[in-house]
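Below is one structure, written out as structure tokens; comments come after it.
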Amino acid sequence: MSQVVIASRLADGRVVFLSRRAQASAPEIEWVALLEEATLIEEDAQAADLLALGEADVHARHEVLDPYLIDVEMKDGSLRPTKYRERIRCLGPTNRRDLGKQAEGAQA
């Protein structure tokens with residue numbers, strides 16, 4: 001099962017995902033709004049490392065809050081969370097399709 005690191009952005013409360021850029025000297029991360037841009041985790045050791053980077057970033061830049069791992073799967077050519085709760089969190093309310101990321105064209 002694949003995973004990604006998810007968190008809440010403090011500036012606006014939106015859900016964001018950890019994306020790691022490969023650097024020769026040190027790992028550099030950024031928080032991206034789209035699940036498809038997140039760094040996909042395939043191994044347990046990698047999961048622990050990326051989660052630790054995300055948690056360290058909470059204290060270093062105060063940009064996000066509460067990073068944690070979620071399970072994702074490839075379905076119909078795109079990534080989506082495996083748990084319904086996380087799908088709602090990633091896209092927005094189920095009773096108002098005109099709100100959240102789903103209103104911007106994101107799908108889960």
> If you take the residues in the stretch 1-27 that are closer than 14 Å to ILE41 by Cβ and hydrophobic (A, V, I, L, M, F, W, C), which one is modelled with the lowest pLDDT?
Replying inline: MET1
> Which of the residues that make up the stretch 53-67 are farther than 18 Å from ALA33 by Cβ and either aromatic (Phe, Trp, Tyr) or under 14 Å from the mean Cα position of the chain (by Cα) (or both)?
Replying inline: LEU53, GLU55
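The values are calculated or read from the model by the stated rules, or taken from the named source; none is laboratory data. Just so it is clear, the structure is predicted and the values come from calculations on it, not from any experiment. Neighbour counts are summed over all protein chains in view; Cβ atoms, including those assigned to glycine, are modelled from backbone coordinates with ideal geometry.
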